[in-house]
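Structure, as structure tokens:
Read the figures in this text as sums done on the coordinates, not as results from a lab. These numbers were taken from a predicted model, which means no experiment stands behind them. FYI the Cβ positions are ideal-geometry reconstructions off the backbone, even for glycines, and counts take in every protein chain you see.
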Ligand code: ZN
């Protein structure tokens, strides 16, 4: 178990475009394991490799239960509908904003065995997938939020 340091905005690493993974090997599996640990320790629902300083197309997302969806070289294949709601990011601590995302997404990526897997997600999962895939392009939700949320009650 290894918890990696989460890079925070405005570090320029977060603005780089990530390169695809050419081979899913033990090095990548170690990265995935560390990202799981880091995400849990930070109480997040998703984490992208650039957030831990690795400029590769690797993402982990909570499956809504106790597990993870590991996505290597992820692609969003199609989207449906729209949802507008609150979003935050482990790399943008203490802030939140309103972001419109698709309600449903069909997406695919390689799993930790290097097999191509296709998934469908809606609601929070659809939001998380879009958010994490944006990270791989150097984009943050604060670029597209329509409104920043200021919560006086929040103890940050
Ligand atoms: Zn994020």
Inset, instruction - At 0.36 nm per residue, minus the direct Cα-Cα distance, what do residue 122 and residue 146 gain on full extension? Give it in nm, one decimal, please. - result: 6.5 nm
Inset, instruction - Take 108, 101, 4, 19 and order them by how many other Cβ atoms sit within 10 Å, fewest up front. - result: 19, 108, 4, 101
Inset, instruction - Round to a whole angstrom and tell me the spacing of the C-alpha centers of region 104-156 and region 6-32. - result: 15
Inset, instruction - Using the number of other C-beta atoms within 10 angstrom as an exposure proxy, rank 68, 150, 107 with the fewest first. - result: 150, 68, 107
Inset, instruction - Compute the FRET efficiency between residue 112 and residue 79 as 1/(1 + (r/R0)^6), taking r as their Cβ-Cβ distance and R0 = 22 Å, and round to the nearest 0.05. - result: 0.30
Legend entry - Highest average packing first - 56-62, 39-45, 9-15, 70-76, Cβ atoms within 10 Å: 56-62, 70-76, 39-45, 9-15
Legend entry - Neighbour-count ranking [beta-carbon atoms within 10 angstrom, fewest first] of 146, 38: 146, 38
